[in-house]
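**Q** Once you've had a glance at the structure underneath, I'll fire off some questions.
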Amino acid sequence: MKSEFAEMTLDQKRTMPDDEAPDAVPVPHALVPHLDEIAILLDIDGTLLDLMPTPREVWVPPGLSDTLNRLTERTSGALALVSGRSLNDIDLIFAPDVFRAVAGHGAEMRLSIDNEADDVHAPPLDKELKRRLAAIAKLSPGILLEDKGYSLALHYRLAPHAEKAIYESVSVIRADLPNAPIEVLPGKFVCEIKHSGFTKATGVRELMKREPFKGRRPIFIGDDVTDETVFAIMPDMDGLAFSVGRRAMGVNGHFDAPNDVRAFLARLLDPR
């Protein structure tokens with residue numbers, strides 16, 4: 001895909017000082033003629049959907065599913081959700097619609113909307129390790145435990161004062177198990193512990209080798225620390241990266257909020 005917007009943004013990025021982040025935002029009309037050449041990759045929480053006090057409270061605004069379905073059609077299927085959520089959780093949120101996805105920070109992948117999962121790259125966490133991690137939720141009311149099987153997340157948006165205690169407790173457990181193949185992912189009011197060796201970036205790299213994404217230029221939009229691994233690999237694929245809610249380093253521009261992302265996606269479908 002070639003467009004004045006894309007070329008301008010990449011040139012600006014090459015000359016941008018390391019301590020600055022771009023203010024540029026995507027220009028929809030520059031991308032509309034090239035939807036048959038790009039892949040649209042979208043984080044969910046904080047990017048497509050507004051953050052809520054608990055993960056179960058997020059909801060899909062009217063019109064969004066229709067926009068995603070129409071963009072899937074316009075890109076010949078090259079639209080995927082890239083999330084830390086499990087495939088099952090994603091499907092519950094967007095039901096009855098089903099989308100291609102990289103889920104669980106790269107642990108799961110679905111290339112066909114007719115399949116439950118095409119690839120599962122991670123074994124379940126050790127039961128004893130999960131038991132010890134789950135006990136951290138007892139540190140304070142408001143800490144919510146999410147067991148994804150291959151990872152475990154501790155959400156503390158309702159107990160922000162517990163952040164330090166949560167990470168200290170996780171550090172103690174990791175010190176007791178120095179050889180355990182796990183890593184800690186900090187996020188927006190969430191501490192997630194998962195198997196090492198896979199990330200959103202490894203999932204996206206694998207996704208872009210498969211049809212219908214193969215040979216296309218990716219555009220990735222994300223908001224959280226866990227999305228930075230994908231921001232970092234976009235130049236390798238001649239792709240574009242955009243952050244939401246903050247001016248993240250290494251991106252081509254940013255959106256202020258999820259509603260701006262939703263409006264941008266809707267405008268991609270406007271032939272005017």
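The values are calculated or read from the model by the stated rules, or taken from the named source; none is laboratory data. Quantities reported herein were computed from a predicted structural model and do not represent experimental measurements. Note that each Cβ is placed from the backbone with ideal geometry, even for glycine, and that neighbours are counted across all protein chains shown. Side chains included, ligands, DNA and RNA excluded: accessible areas come from the protein's heavy atoms. Shrake-Rupley method; radii C 1.70, N 1.55, O 1.52, S 1.80 Å.
**Q** Fully extended, how many nm does the chain gain between A175 and K209 (0.36 nm per residue separation, minus their Cα-Cα distance)?
**A** Roughly 8.5 nm would be gained on extension.
**Q** How large is the dipole of region 60-119 about the Cα centre if only Lys and Arg carry +1 and Asp and Glu carry -1, each at its Cβ, rounded to the nearest 20 debye?
**A** Using Cβ point charges on Lys, Arg, Asp and Glu, region 60-119 gives about 260 debye.
**Q** Report the charge-dipole magnitude of the chain in Debye, nearest 20, computed about the Cα centre from +1 at each Lys and Arg Cβ and -1 at each Asp and Glu Cβ.
**A** Dipole of the chain, to the nearest 20 debye: 340 debye.
**Q** Give me the net charge for the shell around M52: Cβ to Cβ below 10 angstrom, other residues only, Lys and Arg +1, Asp and Glu -1.
**A** Net charge around M52: -1.
**Q** Among DSSP bridges having both ends in the chain, what percentage is antiparallel? Round to the nearest 5.
**A** 50 percent
**Q** Can you bin region 139-185 into rounded, prolate or oblate? Criterion: square roots of the alpha carbon gyration tensor eigenvalues sorted a ≥ b ≥ c, rounded for a/c under 1.5, prolate for a/b above b/c, oblate for the rest.
**A** Verdict is oblate for region 139-185.
**Q** Modelled label-to-label distance, L158 and K188, 7 Å Cα→beta-carbon offset: nm?
**A** Distance between label points: 1.9 nm.
**Q** Right, another one. Please give the contour-minus-distance gain from H29 to R56: 0.36 nm per residue of separation, less the Cα-Cα distance, rounded to one decimal in nm.
**A** Contour length minus the Cα-Cα distance gives 6.2 nm.
**Q** I've got another one for you. Could you check the spin-label model distance between R246 and R70? Points 7 Å from the Cα along Cα→Cβ, value in nm.
**A** With each label placed 7 Å out from Cα toward Cβ, I get 3.3 nm.
**Q** Choose one of L144, L185, V230: the residue whose Cα lies farthest towards the positive end of the charge dipole of region 134-248 (beta-carbon charges +1 Lys, Arg; -1 Asp, Glu; about the Cα centre).
**A** V230
**Q** To the nearest 0.05, how large is the calculated FRET efficiency for S196 and D114 if R₀ is 35 Å and r is the Cβ-Cβ distance?
**A** E between S196 and D114, to the nearest 0.05, is 0.65.
**Q** Quick one: order K148, K209, K188, K138 from most to least accessible surface, probe 1.4 Å.
**A** Correct descending sequence by accessible area is K138, K209, K188, K148.
**Q** Could you work out how far the C-alpha centroid of region 58-78 sits from that of region 243-272, in angstrom?
**A** The distance from the Cα centre of region 58-78 to that of region 243-272 comes to 15 Å.
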